[in-house]
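Before any comments, here is the structure.
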Amino acid sequence: FRQVKPGEPCPKSGKPLKIARAIEVGHIFKLGTKFSESEFWGAKFHGSEKQIKPAVMGCYGIGVSRTVQAVIEQYRDEWGIVWPWSVSPYQVIITVLDPGMEEAADLAEKIGRAAESEGADVLVDDRDERPGVKFKDADLIGIPLRVTIGGRGLKEGIVEVKWRIEGDVRKVAIDRVVEVVTSSIRDKNSS
């Protein structure tokens with residue numbers, strides 16, 4: 001036995017072989033008639049010649065944890081995971097910098113309800129933690145859309161909206177934030 005080398009001809013097609021790294025995220029096995037011929041299964045069918053024949057069986061499997069690993073391997077940067085919208089465990093994270101502030105909590109709830117009504121899964125970070133820790137955790141987790149509500153921003157009438165994948169950060173007027181978030185969700189859900 002020996003390992004093939006890149007560029008060697010394929011034994012079937014003659015085309016040059018390419019070597020690449022891969023991960024198995026699913027598999028299919030042909031089981032043949034081993035189980036269908038057994039007394040336990042007895043899986044048989046009427047063939048075209050009106051004969052009773054054992055079914056040729058197969059099985060398949062999808063490795064959920066391997067699939068997640070493959071997504072993370074492909075969608076990450078130096079700050080953490082960058083979940084694609086379609087497979088992200090949460091699509092929106094609302095980071096509340098001043099969790100004891102009633103106005104901030106009310107706005108977070110309003111934005112969260114609106115996002116959920118558009119089909120997004122929402123995580124609210126209202127921990128009593130420093131802003132930098134919350135931002136670092138949000139980037140590490142990789143949730144695609146982050147809305148940051150803080151006391152200073154509320155005084156100025158704005159919140160921050162960040163799209164993790166694009167790295168785009170915008171200051172959005174409080175009276176427009178629900179519209180901006182729900183519009184973004186609709187755009188992502190339709191693409």
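The values are calculated or read from the model by the stated rules, or taken from the named source; none is laboratory data. All values derive from a computational prediction rather than experimental measurement. As a convention, Cβ positions derive from the backbone with ideal geometry for all residues, glycine included, and neighbour counts pool all protein chains shown.
Among the residues making up the range 118-142, those that are assigned to a strand (DSSP E or B) and closer than 18 Å to W85 by Cβ are V122, L123.
Inspect the range 16-36 for any residue being among the hydroxyl-bearing types (S, T, Y) and either under 30 Å from S190 (Cβ atoms) or touching a helix residue (DSSP H, G or I) at 6+ places or on another chain (Cβ under 7 Å) (or both) and give the result as yes or no. No, there is no match, as no residue in the range 16-36 is among the hydroxyl-bearing types (S, T, Y) and either under 30 Å from S190 (Cβ atoms) or touching a helix residue (DSSP H, G or I) at 6+ places or on another chain (Cβ under 7 Å) (or both). For the range 64-122, a tally of residues being on the phi > 0 side of the Ramachandran plot and over 17 Å from the mean Cα position of the chain (by Cα) returns 0.
The residues of the range 152-189 that are on the phi > 0 side of the Ramachandran plot and at pLDDT 95 or above amount to a single one, G157. For the range 46-65, a tally of residues being at pLDDT 90 or above and surrounded by 11 or more Cβ atoms within 10 Å (Cβ to Cβ) returns 6. Identification of strands (runs of 3 or more DSSP E) wholly contained in the range 1-83 with 1 or more residues that are of a type in the set (K, R) yields 26-32, 44-46, 52-54.
Within the range 90-109, being touching a residue at least 40 places away in the same chain (Cβ under 8 Å), part of a helix (DSSP H, G or I) and surrounded by 15 or more Cβ atoms within 10 Å (Cβ to Cβ) holds for A104, L107, A108. Looking at the structure I just gave you, is S38 surrounded by 11 or more Cβ atoms within 10 Å (Cβ to Cβ), hydroxyl-bearing (S, T, Y) and at pLDDT below 90? Spelling it out, S38 is indeed surrounded by 11 or more Cβ atoms within 10 Å (Cβ to Cβ), hydroxyl-bearing (S, T, Y) and at pLDDT below 90.
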